[in-house]
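Novice: I'd like to ask some things about the structure below.
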Amino acid sequence: MSFKALFPLFFCILLQFSFISNFAGAIQQEAEALVEWKQSLHSLNQSFLSSWSLPRDALTAKNSNVITPCHWLGVGCENGSVTRLNLTNVGLTGTLYAFNFSSLPNLSFLDLHDNNLFGNIPSSISNLTKLTSLHLGNNQFTGKMPEDLGKITTLTNLNFINNFLSGQIPSSLGNLTSLTLLILGNNRFVGTIPPEVGYMISLTELRINLNNLTGPIPPSIGNLRGLKTLSVYGNKLSGSLPKEFDNLTNLTLCFLSNNTLSGSLPEKICQGGILQDFCASNNRFSGTVPKGLKNCTSLTRLRLDRNNFVGNITEDFAVYPVVDYIDLSYNNFEGEISSDWAKCKNMTSLKISDNNITGKIPPELGKATKLHYLDLSSNQLVGEIPKELGNLKSLFNLTLSNNKLSGNIPREVGNLLDLASLDLGANGLNGTIPEEIGNCPKMIYLNLSRNGLNGVIPWQIGSLVSLQVLLDLSRNSLSGEIPLQLGNLDNLEELDLSHNNFSGQIPSTFDQMQSLISVDVSYNNLEGPLPYGKVFMNSPLVSFMENKALCGNITGLIPCPRALNFSKRKGKNAVALITAPILGVGVFVCIVVAVALYLLKGGRGVKGEKNRKVGSQRENMFSIWSFDGKLVYEDIKQATKGFDVKYCIGEGGHGTVYKAVLSTGQIVAVKKLKTIQNPSFENAKNFEAEIEALSKIRHRNIVKLNGFCSHAQHSLLVYEYLERGSLGKLLGIEKEARELDWEKRVIVIKGIANALCYMHYDCSPPIIHRDLSSNNVLLDRDYEPRVSDFGTARLLSLDSCRNIWLHCS
């Protein structure tokens, strides 16, 4: 065969070889470009991208084997060439400066979002002329957006959300007529929305929210007839919405909030019948609500709050069968709340506060059982609070303050077990506070101030242990003593009981309210010492002024007599301490002490007479403490399953100690003495001695007597519960003893010494313990000691200093 005949075959083979050689070279070039960019990233990324590797001489050798990147992590290929690069949320740290985009001519998909990339976006990225999707969101890119991006006319998806890009949005983006998604939210763009945005006629989603854009929304936006999502909230846009806005008939999501937009809303809004979420809050819109919104049955969320809308709320809104959230607050709406709102069966939030709404709250609202949030505050509502609101079992916020509501607070509010915030302040409510409020365990905010409420504070409010932000009962006509149980609110930060008629003392249990940062008990009839808590020491005089006889170490208050000066006290479960009378001097003191000693030692007349006297004394003490002895005994008996041995936490010569969790949730320690059916004189004597001693003691290092109960079967002493038990028991357990290091032991020793000095020198009359041992020292969670077991204690006359010294030595 001649050479001429073989030449065409030879030429085809040569061309094919050349193509293969060029193709291999292109693949090699793509691989080298990716590796070069990888090497510019943070060292931690090198191991993660370990598959991105070339032979050692690949970058220099001319004849190295072809390396294809198509199986590398995050790399996708078509026909052997790289077309996709997807490395999302993998911790990439570095820049794009070393990325040779020209070496990847077939790349159509680049997604590097949710990484730590920074620096400018290089203008060379426009060399990716086949790119359809570019997602660099959630990084730390800075600088201006490249003007040359407008050259990538193949783009359909451009997403730079959550970066630090600045400057103006390039007008060249108007060239991207195939773009369907433009997402530039949460950057630092300035200037106006370029009118060229109207050229991107394929857009279905435009998000440029949370920037610093100014000026009006351009009329050209009306060209985007396929737009489904428009988000421009959180800018500084102004002016009226263009009339061309009515052309956006495919809108389903529209977010205009937090700008300074003004004028009326488009009359034909929702004419497409598919609008779901319309938020125009915090602008300067005015006029009436367009009919398009009234008839928009597709709405799931509507926010018009904080504008200047007017109109009749009864007539301008209809039933929205699928709506979830409605906020019309801070406008100038009038009219009455229609019962039709209850027909919005899926509604979870209804907020119409700060308008001029009149009439009554329709009871039918109780049928909107999915409501979580109901705020009708700051209107002109009258009538009673419907008890039907108690049917809203999912409600966690009920705000009806600043109206003209009257009548009682419905007891049904206690059915709202998920209620976290209840604000009924500044109305004309009267009657008593229903104790059922204590059934709302998730309550963190309670405001009943500025009403005409009377009676006492229900002790059940002390069960609202989640109360944190506020308890405000001020400016009512409440009376009686402040319940001791309020001391259980140890998460509470602000307490206002001012401008009422409370009497008695501020409960000592307030010592344990360590979270309090603000307290006001002014304008009442309170007397006695302030609690020791920090907030009471640091509050201004105005918080305590205009009371009967409060005393304490605050400038402007009279100092308390020494006998009433308290040391700092701890203990979550302390309920009450009987306040010792302020003893006078001279003969009166002697008579009182003599009578006390006679009752304890010498008053041994006829047995029936003795029992009568003791019973009378106990009855008086119960009345002081507001205790129902029978109720307490039954509660304790139930809590310990009839004093079952499994609840026993200690046993001594005078009785057995049990741990009891009462029905209120309070944990106490209960000492059961020997049966009283056939009591020995010594046991009765110890019982009386302990009551007599502890009723006169107020000190952080002495166990707190919460109450006592004399029953036909048992004599009980109820104390605060100390978590770690006795010092003697703790020292007998090797592990526990090791945790009681020297620092903690010093705390214990100092606490015991403080307790003894208090009993010997600061009590009136002084008290001698006479049985102090490690078994009679209890420790709380922080290893703070409490001296306990005063069964053999004795009260001394005020001139027994010599005897006290002998005992101290």
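Novice: Can you give me the Cα centroid spacing of region 335-407 and region 412-467 in angstrom?
Specialist: Cα centroid to Cα centroid, the span is 17 Å.
Novice: Please turn the phi angles of region 452-459 into ³J(HN,Hα) values with the Karplus equation 6.51 cos²θ - 1.76 cosθ + 1.60 (θ = phi - 60°), one per residue in order, whole Hz, x for glycine and proline.
Specialist: Per residue, the Karplus-derived 3J(HN,Hα) values read x, 5, 10, x, 9, 6, x, 4 Hz.
Novice: OK, next. Among T640, T369, T95, what is the fewest-to-most ranking by other Cβ atoms within 10 Å? Before the final figure, lay out the partial values.
Specialist: Details: T640 19, T369 13, T95 16.
By the 10 Å Cβ count, ascending: T369, T95, T640.
Novice: Using alpha carbons only, how many angstrom separate the centre of region 182-253 from the centre of region 74-136?
Specialist: With region 182-253 and region 74-136 each reduced to a Cα centre, they are spaced 27 Å.
Novice: What is the packing order of peptides 715-726, 98-109, taking the mean over residues of other C-beta atoms within 10 Å and listing the highest first?
Specialist: Numbers: 715-726: 22.2, 98-109: 18.3.
In descending order of packing, they fall as 715-726, 98-109.
Novice: Now for a different question. Under the Karplus relation 6.51 cos²θ - 1.76 cosθ + 1.60, θ = phi - 60°, what is the ordered set of whole-Hz ³J(HN,Hα) values for region 269-280, x standing for Gly and Pro?
Specialist: With the stated coefficients, region 269-280 comes to 4, 6, 5, x, x, 10, 5, 10, 10, 10, 10, 10 Hz.
Novice: Rounded to whole Hz and in sequence order, give me ³J(HN,Hα) for region 524-536 from the Karplus expression 6.51 cos²θ - 1.76 cosθ + 1.60, θ = phi - 60°, writing x for Gly and Pro.
Specialist: So the J values, rounded to whole Hz, are 9, 10, 6, 8, x, x, 6, x, 7, x, 4, 5, 6.
Novice: Local charge sum around G137 (other residues, Cβ-Cβ under 11 Å, Lys/Arg +1, Asp/Glu -1)? Numbers along the way, then the final one.
Specialist: Numbers: positive: R207; negative: D111, D114.
Local charge sum for G137: -1.
Novice: Continuing with this model, one more query. Just in region 396-498: which trypsin sites (Lys or Arg not before Pro) are loop by DSSP and have at most 16 other Cβ atoms within 10 Å? Please report the intermediate quantities before stating the final value.
Specialist: Values: sites: K404, R411, K442, R450, R475; in loops: K442, R450, R475.
Passing sites in region 396-498 are K442.
Every number in this text was worked out from the coordinates using simple rules, so none of it is lab data. Everything quoted here is computed from the prediction, not taken from an experiment. Quick reminder, even Gly has a Cβ in these numbers, built from the backbone with ideal geometry, and neighbours come from all protein chains shown.
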